[in-house]
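Only one structure is covered here, and it is reproduced in the block below.
The values are calculated or read from the model by the stated rules, or taken from the named source; none is laboratory data. What you see is a predicted model; the values in this text were computed from it and never measured. Glycine gets a Cβ as well: all are built from the backbone with ideal geometry, and neighbour counts include every protein chain shown.
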Amino acid sequence: MGSLEKFNLIDEPWIPVLKGGRVVEVGIGEALLRAHEFARIETPSPLEEAVLHRLLLAVLHRALSGPRCPEDVLDWWRKGGFPQDPIRDYLNRFRDRFFLFHPEAPFLQVADLPEENPLPWSKLLPELASGNNPTLFDHTTEENLPKATYAQAARALLVHQAFAPGGLLRRYGVGSAKDAPVARPALFLPTGQNLLETLLLNLVPYTPEDDAPIWEVPPLRLGDLEGARTKWPLTGRTRVYTWPARGVRLLDEGDGVRFMGYGPGVEPLEATHRDPMVAQRLDAKGNLLVLRLSEERSFWRDFSAMLPRQGGKVAATLEHAENLQGELEDEGLEGRITLRVLGQVSDQAKVLDIRREVYPLPSGLLTPKAEENLEKALKMAEELGQGLKHLAQEVAKAVVGERDRGHGRSPYLEELTKLANSLPLERLYWHALDGAFPRFFARVEEEASLDLWREALRGAALEAWKATRRFLGTGARHLKALAQGEQEFGRLLGELGEEVRT
Amino acid sequence: MSPGERFLDWLKRLQGQKAWTAARAAFRRSLAFPPGAYPRAMPYVEPFLAKGDWRQEEREAHYLVAALYALKDGDHQVGRTLARALWEKAQGSASVEKRFLALLEADRDQIAFRLRQAVALVEGGIDFARLLDDLLRWFSPERHVQARWAREYYGAGASEEEKKKEVEA
């Protein structure tokens, strides 16, 4: 064991926060004790944003043994800060467990993981290219692997422990690893005007019994993890927030990290625990499934699926933030809240996309009127979207001409599908609505919001149709297809109008 | 008043004169020549064109419409566009639709021949003023005229069919 105790995450700067318009890095202690001074955690990576909040929340829950009830949170909001002494005491008590490098208990790592067969540290992040990851944003290769600073490595470690998708591992007697706790779901993070408000908005009431974050339990050794020997039920709020999904040991090179020892982590056992940042929806068979992000659609299109109206469950953070907002408004305090939806889009072990979508959080979202409006609005949008999809197929059919379809996957059908998919109709429509939705959503509980939305739908469809006209060109076949399509298009817009009156 | 309507006035006045018989013969005969290239038709069109400043293809469009007007014996029906008349003629016939589509694609060399075919095909008169107005803008790169013709042709179809459905229901 060569490395000494080094880089304590409580004191060393590694959490990027926005302060007075500039990004500075702070440790856990400063982030919590001076949270009101920072606008927010500021990182280009949505996954980092999520895990850094989760870590701070875990410390808060434990240090404050709560909040036991929403009144506690309101109290801290009014006072403009957390109780300082319990946080200081708690951090002092567990200070030894927050070293990034430590001979016995490195933070969220396994001290005796061998250095043989090390992996590049970039394996921790889905957005850095390595192995057979699809290259999302980066062209790092393993040959020219840059050295990570300690701060970078610490953040990457957190991201990996929370988001690593399951897949082949083949190390230390474990063939394949399971998903990390939030590898698939969309995470709901309501955010306020500063970091203090944001943390309070996500500090869902909590009972500290039967739960312990990773730094409150004895450090895991390779012997515990070999052959997936350690299995924990996936339950307990701070346990899940600090879940050791993989065995990792960052290898110190004196001024940074290039490689790490890597192996299995704790295997999660199914439990009824619900992560406060995760929402659920009801599937066709009546099962509750976690709400995920999807590659080809923006998240707002699934917004109503998690509402109680459709049998879903909104994220506890969202419900908590809504309640808090209501209380604050009653007291005349301003609580302007935005909602961030964070997460990755994955296909089995491959991460396809990383998302951060930002929406205003209207104060009356969880009222029956707002739910009804939202449901109606999304239904209208989907129906018109379906109509436009069908229209694109009809236009394509008219351009290609009717022909014998043949059997199965005929070249004719393929040509048809290709042409229909190349038309900008559906894509532009949804794209325009991506821009319009936040405006509607901010006013969702108002009577006039549906009219506003209907106008947005009409505008989006018209723009998309105009672009399709320009796209398709002016050959006779194309003019014919467009002339026929225009009829259908007029009918679609007409249907939109009718729903208003009912 | 559009250029088409002004020219139609001119043709109507010509039709009311004794000279019409000779003029009509000359116009019909001119269809065998490229538009504006048949000398005997010139006396009946040039005086009108002298009042304006026309480009070559616009001159040709006037000659062409005059010849088609003569072909239909001056049967001018306000509001009945060629596209609509063709759709009425077609009644689902694929060959008429094919000709209509060919007409939409016609370039400057083909337009006279295809228009003549199309006009000969339809029964009854058409709106010649609109026809001239459209021909004057036929070669604009945006092809708005052709797009409108397509709408008139296929649009007429759908609305008639819908009406039929309504009657049946």
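Residues checked against (1) among the aliphatic types (A, V, I, L, M); (2) at pLDDT below 85:
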| position | (1), (2) |
| --- | --- |
| A:Ala321 | yes, no |
| A:Leu324 | yes, no |
| A:Glu327 | no, no |
| A:Glu372 | no, no |
| A:Ala377 | yes, no |
| A:Lys397 | no, no |
| A:Glu402 | no, yes |
| A:Arg405 | no, yes |
| A:Tyr412 | no, yes |
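Once the stretch B:1-47 is narrowed to residues that are surrounded by fewer than 14 Cβ atoms within 10 Å (Cβ to Cβ) and among the hydrophobic types (A, V, I, L, M, F, W, C), the residue that is nearest to B:Arg114 (Cα to Cα) is B:Ala32. For the stretch B:136-151, filtered to residues that are over 20 Å from B:Val65 (Cα atoms) and not hydrophobic (A, V, I, L, M, F, W, C), the residue that is surrounded by the most Cβ atoms within 10 Å (Cβ to Cβ) is B:Arg151. Checked against (1) surrounded by fewer than 20 Cβ atoms within 10 Å (Cβ to Cβ); (2) in contact with a Leu (Cβ under 6 Å, 6 or more places away or on another chain); (3) in a loop (DSSP other than H, G, I, E, B), A:Leu113 passes all but condition (1).
The residue that is surrounded by the most Cβ atoms within 10 Å (Cβ to Cβ), among those in the stretch A:14-41 that are assigned to a loop (DSSP other than H, G, I, E, B) and over 24 Å from the mean Cα position of the chain (by Cα), is A:Arg34.
Residues that are small (Gly, Ala, Ser) and without any contact (Cβ under 8 Å) to a residue 40 or more places away in the chain: does the stretch A:12-23 have at least one? Scanning the stretch A:12-23 turns up at least one residue that is small (Gly, Ala, Ser) and without any contact (Cβ under 8 Å) to a residue 40 or more places away in the chain. Within the stretch A:42-80, the set of residues being part of a loop (DSSP other than H, G, I, E, B) and over 27 Å from the mean Cα position of the chain (by Cα) comprises just one member, A:Gly80. Of the residues making up the stretch B:52-85, those that are in contact with an Asp or Glu (Cβ under 8 Å, 6 or more places away or on another chain), crowded, with 17+ Cβ neighbours inside 10 Å, away from every other protein chain (no Cβ under 14 Å) and of a type outside the set (A, V, I, L, M) are B:His76, B:Arg80.
Put simply, of A:Leu203, A:Leu199 the only residue that is out of contact with any Phe, Trp or Tyr (no Cβ under 6 Å at 6 or more places or on another chain), in a loop (DSSP other than H, G, I, E, B) and surrounded by 21 or more Cβ atoms within 10 Å (Cβ to Cβ) is A:Leu203. Can you pull out the residues in the stretch B:1-23 that are more than 17 Å from B:Arg137 (Cα to Cα) and of a type in the set (Asp, Glu)? Within the stretch B:1-23, B:Asp9 is the sole residue that qualifies.
Rundown of residues vs (1) at pLDDT below 90; (2) within 12 Å of chain B (Cβ to nearest Cβ); (3) touching a strand residue (DSSP E or B) at 6+ places or on another chain (Cβ under 8 Å); (4) crowded, with 20+ Cβ neighbours inside 10 Å, yes/no style:
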| position | (1), (2), (3), (4) |
| --- | --- |
| A:Leu452 | no, no, no, no |
| A:Leu462 | no, no, no, no |
| A:Lys480 | yes, yes, no, yes |
| A:Gln487 | yes, yes, no, no |
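Restricting attention to the stretch A:275-296, the residues that are touching a Gly at 6+ places or on another chain (Cβ under 7 Å) and hydrophobic (A, V, I, L, M, F, W, C) total 3.
Quick check on this structure: which one of A:Val341, A:Val345 is touching a helix residue (DSSP H, G or I) at 6+ places or on another chain (Cβ under 6 Å) and of a type in the set (Val, Ile, Thr)? Just one listed residue meets the conditions, A:Val341.
Here the stretch A:247-299 is the region considered, the condition is being modelled with pLDDT under 95 and of a type in the set (Lys, Arg), and the residue that is nearest to A:His160 (Cα to Cα) is A:Arg258.
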